[in-house]
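Everything on this sheet refers to the single structure shown next.
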Amino acid sequence: MSIVHDTPLGPLHLDASPRGLTLLGFSPAASDEPRDADAERVLDLARREIDAYFAGTLREFTVPVDLDAHPAWDRRVLDGLASVGYGETVSYGKLAAAVGLEPVDARRVGGAMARNPVAIVVPCHRVVGADGSLTGYAGGLERKRTLLDLESRDTLLF
């Protein structure tokens, strides 16, 4: 059972294992796993960091992420997002190349982004089309634009 955290983007659903955040999304989890004290600490940190992110005082999340339940191929691509900094964007093709794939694998990269269970913390909103256009986002393109605008605005302040 996930918890719900209210944000400027609307309610976000969060869940965690003792090892890290397993869900930060726009829809509830399908998990019925009982949580323990370690998972509760992960969720508490995630809530604090999400609030700081939206307040413009956090640029890099430290909450651990647990993607063990997801295919290795998806994890490889999602791990590649670590090189895309706050306020930056990357195209699907360039992300494919950055993780050692061919540019023709851009569609497969898009699939991994669509299956990202930990939105915002694993910043799939920073991936755009080759021409810079906004494409696909589980939370909808309006939310993607809001996140990119938040990061762009805050980048100009520093």
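Summary of computed values
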| item | result |
| --- | --- |
| Qualifying residue in the range 52-59 (condition: free of Cβ contacts under 8 Å to residues at least 40 places away in the same chain, more than 22 Å from Asp149 (Cβ to Cβ) and not aromatic (Phe, Trp, Tyr)) | no |
| Test: Leu101 is outside any helix (DSSP H, G or I) and in contact with a strand residue (DSSP E or B) (Cβ under 7 Å, 6 or more places away or on another chain) | no |
| Residues that are among the aliphatic types (A, V, I, L, M) and in contact with a helix residue (DSSP H, G or I) (Cβ under 6 Å, 6 or more places away or on another chain), drawn from the range 46-77 | Leu58, Val63, Leu67, Val77 |
| Candidate set: the range 51-65, residues that are among the hydrophobic types (A, V, I, L, M, F, W, C) and in a loop (DSSP other than H, G, I, E, B); chosen: the one surrounded by the fewest Cβ atoms within 10 Å (Cβ to Cβ) | Leu58 |
| Index of the failed condition, Val42 passing every other in (1) under 17 Å from the mean Cα position of the chain (by Cα); (2) closer than 27 Å to Asp149 by Cβ; (3) β-branched (Val, Ile, Thr) | (2) |
| Residue list for the range 91-127, restricted to those being under 14 Å from the mean Cα position of the chain (by Cα) and within 21 Å of Arg59 (Cβ to Cβ) | Met113, Asn116, Val118, Ala119, Ile120, Val121, Val122, Pro123, Cys124, His125, Arg126, Val127 |
| Residue check for Leu81: aliphatic (A, V, I, L, M), within 20 Å of Glu151 (Cα to Cα) and outside any helix (DSSP H, G or I) | no |
| Failed criterion for Gly80 (all others in (1) out of contact with any Gly (no Cβ under 7 Å at 6 or more places or on another chain); (2) at pLDDT 90 or above; (3) not assigned by TED's automatic domain parsing to the domain that holds Tyr137 hold) | (3) |
| Test for Ala106: is it assigned by TED's automatic domain parsing to the domain that holds Gly85 and assigned to a helix (DSSP H, G or I) | yes |
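Table: residues versus (1) without any contact (Cβ under 8 Å) to a residue 60 or more places away in the chain; (2) more than 23 Å from Arg47 (Cβ to Cβ).
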site	(1), (2)
Ala106	yes, yes
Val109	yes, yes
Pro123	yes, no
Arg126	yes, no
Gly129	yes, yes
Gly132	yes, yes
Gly136	yes, yes
Gly139	no, no
Arg145	yes, yes
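The values are calculated or read from the model by the stated rules, or taken from the named source; none is laboratory data. Just so we're clear, the structure is a prediction, and the values are computed from it rather than from any experiment. Glycine also receives a Cβ, built like all others from the backbone with ideal geometry; neighbour counts cover every protein chain displayed.
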